[in-house]
Amino acid sequence: MPSDTSHPWWHTGVIYQIYPRSFNDSTGNGVGDLGGVIDKLDYLSETLDVDALWLSPFYPSPMADFGYDVADFTDVHPLFGDLETFDRLVAEAHTRGLKVIVDFVPNHSSDQHAWFVESRSSRDNPRRDWYVWQNPRPDGDPPNNWLSVFGGPAWTFDEATGQYYLHSFLKEQPDLNWRNPAVREAMFDAMRFWLDRGVDGFRIDVAHFIMKDPMMRDNPLNPSPDGDFYKPMGEYDSQIHLYNKGHEDIHDVFRELRRIVDTYPDERPRMTVGEIHLFDWAEWARYYGDDLDELHMPFNFSLLHADRNAAALRRLVDQLEAALPPGAWPNYVLGNHDEPRLASRYGEAGSRLAAMLLLTLRGTPTLYYGDELGMRQADIPPDQQQDPWGRRVPGLGRDGCRTPMAWTDEPGAGFTTAPTPWLPLHDDYAARNVTRQRQDPASLLNLYRRLLALRKTAPALQTGAYRLLDDAPDDCYVFVRESDTQRLVVALNFSDAPQRITLPSPGRLLVSTNPDRDEEAVGETLALDGHEGVILTRAEGD
Ligand code: NOJ
């Protein structure tokens, strides 16, 4: 059955995130590149059959934050290729029916960006106001108490011009001043540059950070030891981050940004998905826009930090569905380049359940490269750590989820021919890699392939309604996905113990997380093994 054409591709499709440094190295220098991505497009379109790839930054950058410090918003870092390689990637992806989403980093640039070099050159430089500069307090201290996410103050003093500049992340990542119309126009022009080159969408980095309190007030101190993030963030947790991000005016900016994206032709709708770490549902949902006129979707990161049990998941999905503005489209994420690996959070059997959960909930799933193999969080020895966050705040490093993709059991894992990849390979790569898992019918990769294939042909999974079956045993999360033509039941057992579930009607198993159960007929009672998940269709004739 073809995809439902009344929905845009980003409703029905599955997004696959590629961290370009770590996906495939076509030049033999130990760092992945765009040519390497081109060489693996068949893996995405045929082996997995996902619909879109999202590329983390590939722009010129001194790599202080591995590309999230952009020195030119409209070019390609020579490490990754050039604009011609990028154009080829888009063309080759489109030939295979794959959409291309690029990372857009609006909150900050690199301190090496020509704009910042000019801005810091003197107080009266025409680009001074492209960044956020403030005088010191009378005692010489920074203008307010704002902290950098990556540790320490969010302000760095510039000796030459006698003012502080703001950086919500590293001091090598000065924040752009989005209150300056010239900055907005320049950044929108950068988006147009990529839209004109054919990209299908943008993932917008820390989207909620771009507008701050115009009065630059001090953040209140945090009376509780927990921060407003979902994981301990060290010193950053000592404040409530009221004024350094998410100012009300941000919604005007996203309305304007959306108008620009919407000027691109209807037959090829482009999309935006914002990285928004807000855990108040109502506040988060505002980024869709009052009239769905802001971001197409704010990323929903709630699954990343949810407890891994049926009750917590039921509650979370209920909360999300209730928070969505009418007509807004949901989405789910279980891993990315900032989070500990999915398989290390969920374990062996849990990873199979997680795959089924992500690919059956109502909304767009985003998969992180390597999670389809169950790649584990790697333990990177301190002297080989690369991530600046981990080097500044021990324990918060993100290298462990960024190790090179494991393609084969050869030296270099089929990722590189270089003797030393930019980050060490995970030490289990010889056992856990694409080649090996393709050959094993029971592998996690083959489970992902079955789930992706089913999702592609099942209108109920792509766009059907979601309904909780609330009479299931406490440890089981059971829901119905239903379209005009199809009704599927998804039953996930989050306990070690076998469980029995009463079904609304007899059915047939389409996919089980346990090998060898597919196509089994089931009466009105479904028996699930510990940590088993299944998708059922109605029995013929029912
Ligand atoms: C969020 C990105 O996902 C992360 O990797 C990066 O370090 C920060 N934004 C700063 O750009």
Of residues in the range 51-74 being hydrophobic (A, V, I, L, M, F, W, C), away from the ligand (no atom under 12 Å from the Cβ) and in a loop (DSSP other than H, G, I, E, B), the one farthest from the chain's Cα centre (by Cα): Ala71
Residue in the range 389-414 that is farthest from the ligand (Cβ to nearest atom), counting only those that are over 20 Å from the mean Cα position of the chain (by Cα) and outside any loop (DSSP other than H, G, I, E, B): Pro411
Complete set of residues in the range 365-388 that are assigned to a loop (DSSP other than H, G, I, E, B) and of a type in the set (Phe, Trp, Tyr): Tyr369
Subset of the range 498-535 (residues that are touching a Lys or Arg at 6+ places or on another chain (Cβ under 6 Å) and touching a residue at least 60 places away in the same chain (Cβ under 8 Å)): Val511, Thr513
Close pairs (7 angstrom Cβ cut-off, 6 or more residues apart or separate chains): more than 30 Å from Leu176 (Cβ to Cβ) in the range 83-104, outside any helix (DSSP H, G or I) and among the acidic types (Asp, Glu) anywhere: Leu98/Asp51
Count - residues of the range 269-290 that are in contact with a helix residue (DSSP H, G or I) (Cβ under 9 Å, 6 or more places away or on another chain), at negative phi and in a loop (DSSP other than H, G, I, E, B): 8
Test: residue in the range 174-197 that is crowded, with 21+ Cβ neighbours inside 10 Å, among the charged types (D, E, K, R) and farther than 16 Å from Asp129 by Cβ: no
Complete set of residues in the range 162-200 that are under 21 Å from the mean Cα position of the chain (by Cα), within 16 Å of the ligand (Cβ to nearest atom) and not hydrophobic (A, V, I, L, M, F, W, C): Ser168, Gln173
Criterion (among the aromatic types (Phe, Trp, Tyr) and either at pLDDT 95 or above or not in a loop (DSSP other than H, G, I, E, B) (or both)) met by exactly one of Tyr230, Tyr243: Tyr243
Which numbered condition Leu89 misses (of (1) surrounded by fewer than 16 Cβ atoms within 10 Å (Cβ to Cβ); (2) under 21 Å from the mean Cα position of the chain (by Cα)): (1)
Odd one out for Pro419 among (1) exposed (fewer than 15 other Cβ atoms within 10 Å of the Cβ); (2) within 16 Å of the ligand (Cβ to nearest atom): (2)
Residue within the range 475-482 that is of a type outside the set (Phe, Trp, Tyr), under 18 Å from Ala312 (Cα atoms) and surrounded by 20 or more Cβ atoms within 10 Å (Cβ to Cβ) present: yes
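The values are calculated or read from the model by the stated rules, or taken from the named source; none is laboratory data. Quick caveat: nothing in here was measured; it's all calculated off a predicted structure. Note that we place each Cβ from the backbone using ideal geometry, even for glycine, and neighbour counts take in every protein chain shown.
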